[in-house]
Amino acid sequence: MTASTHPDLTKIDLTDASVWEQGTPHEWLDILRSEDPVHWHPESDGQGFWALTRHADVHQVSTSPGQFSSYAQGPLRLDPAPDSLEQMRMIIIGMDPPDHRTFRGLVSKAFTPKTMSDLADSLRAETARVVGELREKNNCEFVTEVAARIPMWSISELMGVPEADRHRLYELSHALIDDQDPEVAPTPETSMEASVEIFGYASEMAIRERANPSGSLTSLLLEAEVDGRKLTDFEFTLFFMFLIVAGNETTRTASSHGLLTLLDHPDAMQRLVQDPSLMPGAVEEILRWEPPIHHFRRTATADLDLGGKRIAAGDKVLMWYPGSNRDPAVFEDPHTFRIDRTPNAQQSFGIGEHFCLGANLARLSLRLLFTELLGTVENIQLAAPPRRLHSNLINGIKEMQITYDVRER
Ligand code: HEM
């Protein structure tokens, strides 16, 4: 065998944020999937982890919360400090069954199809307003002027956040999650200060809503009861903080990558302009192509076998969604972008126990955004190379300058 048939897997470092900043390292993910799909990956800042790149393994781990826990060490790569772990376990994404089921039952009362359909008309109007502003010129910075505004608006509407507070909350959510990027969070304190400020804000909201329920998701959350139990103010505050981050960063990223991907695939863009009924499939394919989150973590609760490897109790397992989303065992021509791919079992929203509660809202937002955008402007071009986020967790784009022509009405 030659060296090229046995690539040196020790050269692969999926923790290196500067690699992800250049774009998803698909070559590495492909090599891992074909050579060692359940791969022991050392890390300089931790005990090492199992890197999963196959669709079936990501599925198995996500749907086996008893064996692969979110509670043990949270859903992020690095072990949290004891007090952060304590808080993480009070957020839905850091819980295991049975507590997770109870909590999810409580909050999903606010994410019903009815809440979503009530929001749909006003979301359509807001999207048209934001995109309509593009008519006034022939260039924009797409991330802040378009992609970021709609998710913050949706979550604020859902939660009853007044207009005047939305921009500040957006800045805080950015500083909180994108703390690997020195431009976004210049010091470790920036992220901590952001969480303290959001926390204070949410506590005041809880007091206000209890005294004077507005009928928003916030008051629904505070009033909802499962098994005779309600959310405490502290649980609400943590959930609010999580929602702001979970809803904003991800949908903004999917919108920015969606446009970038369509610019890279002008035929697909043209087909969408001619036939908007292809939009739902295009959104699924955009999510498969550029998952907004690179990975989430579980921790093994017992010694067990996974994909032919022996995993020890306490081992860290990372599910790399950009790898599983291009698994040739599930996706034909996985490296081809096809807006009419059916079925499309992309895993960007997770699977099973913790499947994204905001998936329907995110899908709706993306469909509305691209329908509106392609109907409003044409000849979209990049005015400069997009600037990506320095992060091994969020597939973010910080800046994307574009030029375009406004369509005749
Ligand atoms: C394109 C946009 C989005 C993507 C790619 C995304 C991705 C994800 C993923 C991968 C998970 C699973 C986490 C795990 O398995 O540990 C998740 C969970 C979650 N997401 Fe999203 N998300 C998006 C938008 C949203 C929005 C808009 C909201 C709310 C407004 C939201 C709220 C949640 C919540 C509450 C959970 C936790 C569910 C649970 O633990 O049971 N997400 N999301």
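Scan the range 87-100 residue by residue and report those that are near the ligand (Cβ under 9 Å from one of its atoms) and either within 19 Å of V61 (Cα to Cα) or open to solvent by 30 Å² or more (accessible area, probe 1.4 Å) (or both).
I92, I93, G94, M95, H100, listed by residue number.
All but one of (1) assigned to a loop (DSSP other than H, G, I, E, B); (2) surrounded by fewer than 17 Cβ atoms within 10 Å (Cβ to Cβ); (3) modelled with pLDDT of 95 or more hold for M1, so report the exception by its number.
Exception for M1: condition (3).
Name, by its number, the condition in (1) of a type in the set (V, I, T); (2) open to solvent by 20 Å² or more (accessible area, probe 1.4 Å); (3) within 16 Å of the ligand (Cβ to nearest atom) that does not hold for T403.
(3)
Enumerate the pairs (first residue in the range 89-115 and more than 19 Å from L158 (Cα to Cα) and at pLDDT 85 or above; second residue anywhere and small (G, A, S) and open to solvent by less than 30 Å² (accessible area, probe 1.4 Å)) with beta-carbon separation below 7 Å, excluding pairs fewer than 6 apart on the same chain, so at least 6 apart or on different chains.
That search, which allows pairs on different chains as well, returns I93/S70; G94/S70; G94/G74; M95/S70; D96/S69; D96/S70.
Output the number of the condition that A51 fails; it satisfies all remaining conditions of (1) open to solvent by 50 Å² or more (accessible area, probe 1.4 Å); (2) assigned to a strand (DSSP E or B); (3) not charged (D, E, K, R).
Here A51 meets the rest and fails (1).
Please tell me if A206 is open to solvent by less than 40 Å² (accessible area, probe 1.4 Å) and either within 17 Å of K230 (Cα to Cα) or of a type in the set (K, R) (or both).
Criteria met by A206.
F103 passes all but one of (1) under 22 Å from L357 (Cα atoms); (2) aromatic (F, W, Y); (3) not in a helix (DSSP H, G or I); which number fails?
The failed condition is (3).
Counting only residues that are away from the ligand (no atom under 15 Å from the Cβ) and farther than 30 Å from E133 by Cα, which one in the range 339-391 is least open to solvent (accessible area, probe 1.4 Å)?
My answer is R341.
Provide a single number: the residues in the range 219-275 that are of a type in the set (A, V, I, L, M, F, W, C), within 30 Å of L393 (Cα to Cα) and within 15 Å of the ligand (Cβ to nearest atom).
Selection size over the range 219-275: 15.
Out of the range 101-118, which residues are farther than 13 Å from L364 by Cα and loosely packed, with under 13 Cβ neighbours inside 10 Å?
T112, K114
Please report, ordered by residue number, the strands (runs of 3 or more DSSP E) entirely within the range 290-329 with at least 2 residues that are of a type in the set (V, I, T) and either under 20 Å from the mean Cα position of the chain (by Cα) or within 14 Å of the ligand (Cβ to nearest atom) (or both).
Once the strands (runs of 3 or more DSSP E) in the range 290-329 are filtered for at least 2 residues that are of a type in the set (V, I, T) and either under 20 Å from the mean Cα position of the chain (by Cα) or within 14 Å of the ligand (Cβ to nearest atom) (or both), nothing remains.
The values are calculated or read from the model by the stated rules, or taken from the named source; none is laboratory data. No experiment lies behind these values; they were computed from the predicted model shown. Here the Cβ is made from the backbone with ideal geometry for all residues, glycine too, and neighbour counts use every protein chain on show. Side chains are part of the model used for accessible areas, which takes the heavy atoms of the whole protein and leaves out ligands, DNA and RNA. Shrake-Rupley method; radii C 1.70, N 1.55, O 1.52, S 1.80 Å.
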